[in-house]
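Colleague: My questions will all concern the structure given below.
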Amino acid sequence: MKVLVLGAGQLARMMSLAGAPLNISISAYDVNTDAIVHPLTQHKLGTGLANAIADADVITAEFEHIPVAILEQCQQSGKFLPGSDAIQAGGDRRLEKALLARCSVASAGYKVINNEADFKQAITSLGLPLIFKSALEGYDGKGQWRLKDPAQADMLWQQMADFLATDAKQAIVAEQFIGFNRELSLVAARASNGEVKAYPLTENHHVNGVLSVSLARPVSSTLQAQAEQMFSAIAEELNYVGVLAIEFFDVDGTLMVNEIAPRVHNSGHWTQQGADVCQFEQHLRAVTGLPLGNTALLRPTLMINILGEDTTPAAILGLAGLHLHWYGKTKRPGRKMGHINLSADSLAELKAHFAKLIDLLPATAFPELEQMLNQIAD
């Protein structure tokens with residue numbers, strides 16, 4: 001079985017690693033260069049989307065920000081899963097918010113802003129504070145503005161007006177600020193026959209808008225049921241096939257959707273060591289028509305992103321339950337270079353191992369890990 005992945009980054013790389021034992025061959029299409037490459041070696045295999053499509057049994061994607069023309073060409077092939085509509089909904093906040101409304105899934109109130117009149121109307125109808133997010137290309141905290149003080153409105157609008165002037169296709173989505181207890185995410189898969197398998201909810205900690213740590217541990221069955229119901233509503237609306245991630249705000253035990261990601265997700269990397277079948281294999285199983293695998297939590301596990309660093313202290317590999325995953329990227333400030341998975345048989349043991357890991361990692365490169373350490377005891 002041959003699977004073509006749109007995008008040639010670390011998620012395609014990890015799909016390739018997961019697919020090899022199942023005799024699933026992965027190639028990656030770089031949407032920026034028109035090159036077909038091997039996801040692990042980056043060795044060029046050819047050029048041209050038409051050639052890549054013709055050689056593939058199934059097409060999928062590792063990210064959302066893909067030109068519409070490419071999505072349409074893949075959709076016309078009849079091989080593309082989860083499909084153009086799903087990928088576009090994940091890459092355009094206007095489509096995403098409309099999707100959530102159609103599914104009657106709770107999320108922050110919003111207004112789409114195309115001009116100053118829209119901006120003023122959003123403030124009047126939604127109230128302050130507000131968070132403004134670019135409709136396109138916003139991720140990892142980029143393309144966002146906050147407004148708490150009405151006196152700052154004119155200055156903020158000028159910044160957003162300058163931003164909108166750079167791209168006629170852009171817009172800004174204003175969202176009501178949600179006071180939440182914690183951020184959670186659900187990674188789950190839907191098969192072509194409608195079967196759904198969900199991993200346990202994951203607790204996430206961000207630093208400067210970028211995911212730093214994800215923790216998978218036993219969770220409330222009530223919260224898990226809420227999350228899975230929301231997943232099913234969204235996945236059925238899209239007739240989704242594959243892994244879909246949903247980020248939530250936990251507001252005193254009630255979940256509200258922050259955003260969706262129609263693909264394997266950073267907060268699901270823990271599944272490589274904490275579950276029977278990881279999210280990458282699960283996605284491949286779904287899109288190739290294989291049975292979905294077991295998603296139960298085998299043992300408490302956390303994932304730590306490695307941002308902007310191409311080395312870690314060798315001593316961390318001596319810690320029990322630790323696995324290191326590098327992406328083979330060139331070092332760049334803030335870039336996701338790899339991740340660490342840490343597992344243990346109990347939460348108490350995981351906390352002890354995590355404390356030892358924190359002592360070994362440079363605090364400047366791995367800030368605020370203590371905050372997640374303290375949450376493990378909750």
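Here, each number is a calculation from the coordinates, and none is a lab measurement. Predicted model only: the values in this text are computed from it and were never measured. Note that we place each Cβ from the backbone using ideal geometry, even for glycine, and neighbour counts take in every protein chain shown.
Colleague: Multiplying the sequence separation of residue 294 and residue 364 by 0.36 nm and subtracting their Cα-Cα distance, what value in nm do you get?
Modeller: 21.4 nm is the gain from fully extending residue 294 to residue 364.
Colleague: Would you mind getting me the FRET efficiency between residue 323 and residue 94? Use the beta-carbon distance for r and R0 = 51 Å, nearest 0.05.
Modeller: Calculated transfer efficiency: 0.85.
Colleague: If you don't mind, another one. Hey, rough spin-label estimate for residue 152 and residue 22, points 7 angstrom out along Cα→Cβ, what's it come to in nanometres?
Modeller: For the pair residue 152/residue 22, the computed spacing is 4.6 nm.
Colleague: Now a separate question. Running a GNM on the chain with Cα contacts under 10 Å, which residue among 98, 69, 61 ends up with the highest mean-square fluctuation?
Modeller: Between 98, 69, 61, it is 69 that shows the largest mean-square fluctuation.
Colleague: With labels modelled as points extended 7 Å from the Cα through the Cβ direction, what inter-label distance (nm, one decimal) is found for residue 162 paired with residue 347?
Modeller: It is 4.7 nm.
Colleague: What is the fewest-to-most order of 281, 195, 237 by other Cβ atoms lying within 10 Å of their Cβ?
Modeller: With the fewest neighbours first, 281, 195, 237 line up as 195, 237, 281.
Colleague: Report the one residue of 366, 186, 253 whose Cα lies farthest in the direction of the positive end of the charge dipole of the chain (charges on C-beta: Lys and Arg +1, Asp and Glu -1; origin at the Cα centre).
Modeller: Of the candidates, 366 comes out farthest on the positive side.
Colleague: I've got another one for you. Among 334, 91, 143, whose mean-square fluctuation peaks in a Gaussian network model of the chain (Cα, cutoff 10 Å)?
Modeller: 334
Colleague: Within segment 250-292, what residues put their amide N at less than 20 Å from the label point 7 Å along the Cα-to-Cβ vector of residue 192?
Modeller: 263-264, 280-292
Colleague: A follow-up question, please. Using alpha carbons only, how many angstrom separate the centre of segment 283-342 from the centre of segment 1-25?
Modeller: Here the two parts' Cα centres lie 16 Å apart.
Colleague: To continue, here is another question. Mind checking the log10 I(q)/I(0) for segment 2-80 at q = 0.12, 0.14, 0.20 Å⁻¹? Debye, one equal scatterer per Cα, no solvent, two decimals.
Modeller: Each listed q maps to, in turn, -0.27, -0.37, -0.78.
Colleague: Under Stokes-Einstein, with the Kirkwood radius over Cα pairs standing in for Rh, what whole-number D in µm²/s applies to segment 109-176 at 25 °C and 0.890 mPa s?
Modeller: 208
Colleague: Follow-up question, since we're still on this one. Antiparallel DSSP bridges in the chain: what percent, to the nearest 5?
Modeller: Antiparallel bridges: around 85 percent, rounded to the nearest 5.
Colleague: Rounded to the nearest 20 Debye, what is the dipole magnitude of the chain about its Cα centre when Lys and Arg each give +1 and Asp and Glu each give -1 at the C-beta?
Modeller: 420
Colleague: Per 10 Å bin, what is the whole-percent P(r) computed from every C-alpha pair distance within segment 193-283?
Modeller: Result returned by the calculation: 15, 52, 31, 2.
Colleague: Could you please state, rounded to a whole Å, how far the C-alpha centre of segment 199-233 is from the C-alpha centre of segment 62-89?
Modeller: Their Cα centres are 26 Å away from one another.
Colleague: Which of 47, 295, 33, 166 comes first, and how do the rest follow, when ranked by fewest Cβ neighbours within 10 Å?
Modeller: 166, 33, 47, 295
Colleague: In nm, to one decimal, how far is the residue 178 label point from the residue 40 one, both placed 7 Å along Cα→Cβ?
Modeller: In this crude spin-label approximation the distance works out to 3.9 nm.
Colleague: Please build a GNM for the chain, connecting alpha carbons under 10 Å apart, and tell me which residue among 297, 319, 130 fluctuates the most.
Modeller: Maximum fluctuation in the GNM of the chain, among the listed residues, is at 319.
Colleague: Report, largest value first, the span of the C-alpha coordinates of segment 182-376 along each principal axis, in whole Å.
Modeller: Here the Cα extents, ordered largest to smallest, are 46, 37, 31 Å.
Colleague: OK, next. Would you list 26, 376 from fewest to most Cβ contacts within 10 Å?
Modeller: So the residues, fewest neighbours to most, are 376, 26.
Colleague: Could you size up the charge dipole of segment 2-80 around its Cα centre, putting +1 on the beta carbon of Lys and Arg and -1 on that of Asp and Glu, and report it in debye to the nearest 20?
Modeller: 200
Colleague: Give, rounded to the nearest 20 debye, the magnitude of the charge dipole that segment 182-376 has about its Cα centre when Lys and Arg contribute +1 at Cβ and Asp and Glu contribute -1 at Cβ.
Modeller: It comes to approximately 560 debye.
Colleague: What value, in deg cm²/dmol to 500, does the helix sum -39500 (n - 2.57) over DSSP H runs of n ≥ 4 give at 222 nm once divided by the residues of the chain?
Modeller: Value at 222 nm, helices only: -9500 deg cm²/dmol.
Colleague: When the Kirkwood radius is taken over all Cα pairs of the chain, what Stokes-Einstein diffusion coefficient follows at 37 °C and 0.692 mPa s, in µm²/s?
Modeller: For the chosen part, D equals 152 µm²/s.
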